[in-house]
1. Which numbered condition in (1) open to solvent by less than 60 Å² (accessible area, probe 1.4 Å); (2) over 29 Å from B:ALA168 (Cβ atoms) is the only one that A:LEU52 fails?
2. Consider only pairs whose beta carbons are under 7 Å apart and that are at least six residues apart or on different chains; among these, list those whose first residue lies in the stretch B:377-406 and is basic (Lys, Arg) and whose second residue is modelled with pLDDT under 90 and assigned to a helix (DSSP H, G or I).
3. Could you figure out which of (1) closer than 30 Å to C:PHE207 by Cβ; (2) among the hydrophobic types (A, V, I, L, M, F, W, C); (3) not assigned by TED's automatic domain parsing to the domain that holds C:ILE413 isn't true of C:LEU305?
4. Somewhere in the stretch C:159-168, is a residue open to solvent by less than 10 Å² (accessible area, probe 1.4 Å) and under 24 Å from C:LEU237 (Cβ atoms)?
5. Could you please let me know if B:SER196 is more than 27 Å from the chain's Cα centre (by Cα) and open to solvent by 10 Å² or more (accessible area, probe 1.4 Å)?
6. Going residue by residue through the stretch B:246-255, is there one that turns out to be surrounded by 24 or more Cβ atoms within 10 Å (Cβ to Cβ), touching a helix residue (DSSP H, G or I) at 6+ places or on another chain (Cβ under 7 Å) and at the interface with another protein chain (Cβ under 8 Å from one of its Cβ atoms)?
7. If I ask for residues that are touching a Lys or Arg at 6+ places or on another chain (Cβ under 8 Å) and either surrounded by fewer than 23 Cβ atoms within 10 Å (Cβ to Cβ) or within 9 Å of chain C (Cβ to nearest Cβ) (or both), which ones from the stretch B:302-333 would you list?
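The values are calculated or read from the model by the stated rules, or taken from the named source; none is laboratory data. Remember, it's a predicted structure, so these values are computed and weren't measured experimentally. With ideal geometry, Cβ positions are generated from the backbone for all residues, glycine too; neighbour counts draw on all protein chains shown. Remember, those area values only see protein heavy atoms, side chains included, never the ligands or the DNA or RNA. Shrake-Rupley method; radii C 1.70, N 1.55, O 1.52, S 1.80 Å.
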Amino acid sequence: MPAPLEYLAVSCILFGIGIAGVLTRRNLLVILMSIELMLNSANLAFLTFSRLHGQLHGQVIAIFVMTVAAAEAAIGLAIVVALFRQTGSVRIDEATRLRG
Amino acid sequence: MGTPIPLPIMPGDLTAIGPLLAVVIAAAGFLAVDMAFTREELKNRWTFIIGIIGAALAAVTALMLDIGTGESRLILGEALYADLYTVFFDLLFALLMGASLVLSWTAVERARMKPVEFYSLAAFSFAGMFLTSRAADLLSLFLAIELLSMPLYVLAGFATTSKTGREAALKYFVLGSVASAILLFGIALMYGGTGSIDYVELGAQVSSGGRDSPLVLAGLALILAGLAFKVGAVPFHMWTPDVYEGSPTAVTALMATGVKAAGLAAAIRFLAGPMAAALSYVSVMLWWIVALSMVVGNAGAMLQSNVKRLLAYSSIAHAGYILMGLLGDSLGTAAAVYYTAVYVLSVAGAFGVVQYFGDGDRELETVDDFNGAAKRHPWISLLFTIFLLSLAGIPPTGGFVAKFFVFGSAIQTGHIGLALLGVLTSVIGIYYYLRLVIAMWMKDEGRPVLAELSPTSWVVLGLLAASVLALGCMPGWLWLIVQSAVVSLV
Amino acid sequence: MTGETLLALVVGFPLLGAVFNGFFGRFHGRRLAGYLACGAMAMAFLSALGAVKDLAGLDPQVRTIHKHLYTWIDASTFKVDMALTLDPLSAVMILVVTGVGFLIHVYSIGYMAHDDGRVRYFTYLNLFVFFMLMLVLGSSLPVMFLGWEGVGLCSYLLIGFWFDDIAKAVAGKKAFLVNRIGDMFFVLGMFLLFWTYHAVGSGSLAFADMQANAELIQAAKIGGVAVTSLAAFCLFLGATGKSAQIPLFVWLPDAMAGPTPVSALIHAATMVTAGVYMVARMNFLFEMSPGVMSLVAWVGALTALFAATIGMAATDIKKVLAYSTISQLGYMFVAVGVGSYVAGIFHLVTHAFFKGLLFLGAGSVIHGVTTQDIRQMGGVRHKMPWTFWTFLVGTWAIAGLPPFAGFFSKDEILFHAYAGPHGSVPLWFIGYLTGAMTAFYMFRLFALVFLGKTRMSKKEYGKVHESPATMTVPLAILAGLSAIGGLMGLPHAFHMPHLLGDWLAPVFPEFHVAAGAGTELGLMAASVAAAIAGSLLALYFYFKKGYVPVPDNGKASLPASVARDKFYIDEVYDGLVVMPMKAIARFLSATVDAAGVDRVASGWLPGLAGWISKGVTALQNGNTQRYAMALFAGAVALIVYVSLFGVRVPLA
């Protein structure tokens, strides 16, 4: 069984991938996925720490976070769809009307 | 930690979350109204009635809380606080909800949003706000912030007529979610480092100094970043101008008042409450956040022609002024809370006025659109001027007294450079707020149209203006309340 | 009524007038607005008289009346009362403000008779008086600051009163911005004092408390500099803004864009003297910092000289008076700078009389002639006898010719600048020189406007008429005051009581002059000689010889005969005076005023802000991913900081 540190490392790497995705990908759907990745990397961290401390707190938090993530995904997709209907594009670098 | 409690609800706990229940019930009531009636007038009428009752109930239940000797009480399995501080912010949010119902109605209808839908979403957001000042652990904090934000992501893009609303919604959503993820990861690290998420427990661990582990420090940094995002402080501020400008004005008003105040309520609780020891780790970084916010916010607002964008940048600057209070001692914290109250009242008034200008689908957008307003609509221009003077910090308005407290506490605790910068940047602030005043009072050529104000709107705007002036002329009473509220934080 | 009640009424009446006119003016009409405003001022003046009479009845040692209105700020360790304090110093001020203010209000009825904006005008004017009285009567620094800000705002509104004219609106804005720079330093000085007093356990900024605890903060230092000096310096910079001294004088000449009675009330008699009053009020602080004291005196002296030189070449009747105001304010700062507060306040009072008179006279001339260019006037004497005679009294007084008011107050300042403990010969000499120049440019103005043959066309000249009684009566009263005002401060050399000095004695530290009556009389004779020489020279050139300054563009559009007989006086002016002064002015405007305050988006402070502003908005390019980048960068910076320097910084 891998040591907690390795789970933590995976969690951090996932968070980093999420950040990289948000910063570099132009497709909004991929960015949404990246955000999910960041939330879930936090979940992994919570679970790891929960085991580490021998408590249930972290796991309870993870369940809360999954609920929140689901709601967030729904809202995010709705906004992307609404934007696509208006502009016909799901590229984040094309939504730059507001600036200055 | 201890043994798990079977049902962690004590007698009196429900009263303590009374305001929260009141708005959640109101939100459910809105949904019921939407289903029960088919005719728009009936929907609207009942939406207004339920909303006002909900806000009034929230205020009343907030006042019913037994504060006892003034110490903080932990309720609902130590997840939430109940003390004078929560009462203070409860009253503020209840007032904002009432003001939003009365003052934003015209703007909501102008943007072709259905009031019942708008206010049900807004009510859920308000529920999140009522939670932020109460949060006693990091999970409550996270959930409160999510609950407050998500309805607003929707509302930002809610106006089908708006050309920019959806872009604003997208930016708000993407950046807000990223900030939430950062906050959450910070919470995870903090939990990992200490094995706890309770403020009290965390505070004890941090101040004992035995747990200066990298996990705790990194977690602290990320949580601070997440909170600074909601507050709109530099460099986490970049969403504000675009989102404020693009969203329907009624939503922008909510963001500038409610979201800002809620973020500050959470940040003040977090940094000046039981976790105050943590502040000493980040005080230098907070110094920079404050300084940059004041400079970037005021400089950004200086050359803006769009009124909403101008107020957005200025809200960044105000976040800086308020956070400056946290660098001081307990008087500084009180100054920050006082400033928050004054800022919220002034901005609520200012947006209240802005929402009434314009007709048909058109809102007034630029500073020049307000040319000649005073000639045609002197009373409302006078009210607007009072709110703007307060934001600019000119006596005898509350804004001056608030700045005086904040700068005074900063100087008192040795942050003279920061206070100097604050005074300097507030001079820029005076310049751009006065541009609006000048446009209204000293230019003749424009013909701004004012939508009809109901008597209730006049009363609400008048009360807001009166309270802004009262806070400038007789700040003593509120100052005493704020001081006791801050004492109950620790 | 008790003195306290009367004191509240003094500030109450103008506020009431402003509120009444402001809110209900549209209903009761323009004519009534003027009468209401004057009524409010008359009542305020009577209340002031009553209050001062009560004050005079008290024993000199305890001569203060304190009216506590309510507690403004109560922050446990820091308390500010909204309170008014009448002591001999503020008594003098309120009498001037309400008395001269009343006359100018009456005058305004005539002057503004044809203006549509009268309701607004009288509202602002009453509001100004209210704030000015708050400034003067405020019992603590924050209350004074409230008035300080208020008068600035009213001044701004009144300068830009005719805002349809862009140039006038810009002038108002410039006045406001320059004043804000000064105000910023005022606030800083206030914060510094608060902080220092708080550290020694006295969180009160009331003047009485500050004075009582002054010794406690004497030793406080920031970075090796005494806090008292630093605070005094900041407050003095604040005063240079309000009282138009180097380097912040640039707004006052432009402020002449406002209606002339406004120039008389705000930019001559009352508001611009607020800086002098503040220094006199805070004398205990300034006394602790001799360096700042001498800075005050020198800035005053140099401003006096500098402004007088420009005044000699100005050709706009109001601009001449504006520069002379700056110059006279310089005298007052010389006085307070050498520690002779009584002389400063004395000159403040007489200046209020004769400069108020001169401005109102100028307004009367402009009213009749409809131009402000003195090269286009001449011979007005015959058409406007009242204005002529009263203006002569004012000119006589400001020139420092006996026996009118300006002679006594100016000579007291010069004597103290020469022989006082902080005085010096160079300081005196600058004042002396300025005195001669003042006499010259004022009689130049007088001759060009009133004497000789007219330079107006026949048609224009025919239309010139004397102003109505509402204008000439205030002129006559002010002329009377300018004539006899000097009696309240007779020189010690005359062995007569110095009434003002005795009255103000409880407020100020004692001031001893080592030199005897002989020196005083000698200096007096010298300055009278200089004033006479200056006046006669001016009369010789501009009346006897009939010279007229060349137009701005240098092309002689005036009759050739006038231009021929000029003895190169303009060339001399140009070479010796105008060119160097222009160079100095250019330098000052490059550093202080600049396109900066004129064009707001440049200049040093606005320029820097504008530069940052452009940077900020350029960064905000609309790309969400860039915003996210800033977010992450901020978070990473926070993490890096806490991991590298994650030691606890002890909180103060």
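1. All conditions pass for A:LEU52, except number (1).
2. From the stretch B:377-406, the pairs are B:LYS403/B:SER426.
3. Here C:LEU305 meets the rest and fails (1).
4. yes
5. no
6. Yes, the stretch B:246-255 contains a residue that is surrounded by 24 or more Cβ atoms within 10 Å (Cβ to Cβ), touching a helix residue (DSSP H, G or I) at 6+ places or on another chain (Cβ under 7 Å) and at the interface with another protein chain (Cβ under 8 Å from one of its Cβ atoms).
7. Scanning the stretch B:302-333 gives a single hit, B:LEU303.
Here is a yes/no grid of residues against (1) among the β-branched types (Val, Ile, Thr); (2) open to solvent by 10 Å² or more (accessible area, probe 1.4 Å); (3) closer than 30 Å to C:ASP209 by Cα; (4) in the same structural domain as C:PRO506 (by TED's automatic domain parsing):
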position: C:HIS66; (1), (2), (3), (4): no, yes, yes, no
position: C:LYS79; (1), (2), (3), (4): no, yes, yes, no
position: C:ALA83; (1), (2), (3), (4): no, no, yes, no
position: C:HIS114; (1), (2), (3), (4): no, yes, no, no
position: C:ARG120; (1), (2), (3), (4): no, yes, no, no
position: C:GLY138; (1), (2), (3), (4): no, no, yes, no
position: C:PHE145; (1), (2), (3), (4): no, no, yes, no
position: C:GLY150; (1), (2), (3), (4): no, no, yes, no
